[in-house]
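Heads up: the structure comes next, in structure tokens.
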């Protein structure tokens, strides 16, 4: 009888055990920036995406009229997600780990006028140096 209860408990446990829901919420100034995490487009700010691992993420944001932002952001695990405590946290129903990242995009500066003749002269000087070798 005791082993039957144990088997029943083992079969029921996965159904009632929780799983930590991990999300990253990204906002930006200005809002509406296109967001890429690890070179994968995830949406426009404000956006919330699920994630499975903690660590370093490559983050890229682009918005009209702003300079693109390329950076790295660290997803830091809360204390209850550190082994061996994480085993108990995984068993808690409806567990959540929410990270919030905010980025300010600099307004794009107008591109400088390129003096094409100066660029051609510089290229010819470099070519002449290469031909000398």
- Message: With the crude spin-label approximation of a point 7 Å out along Cα→Cβ, what separation in nm comes out for residue 122 versus residue 70?
- Response: 2.0 nm
- For the range 22-81, what value does the Rg/Rh ratio take when both radii are computed over Cα atoms and Rh is the Kirkwood radius, given to two decimals? 0.99
- Message: Could you check the spin-label model distance between residue 29 and residue 56? Points 7 Å from the Cα along Cα→Cβ, value in nm.
- Response: 2.7 nm
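Read the figures in this text as sums done on the coordinates, not as results from a lab. Every value quoted in this text rests on a predicted model; they were computed, and no experiment measured them. FYI the Cβ positions are ideal-geometry reconstructions off the backbone, even for glycines, and counts take in every protein chain you see.
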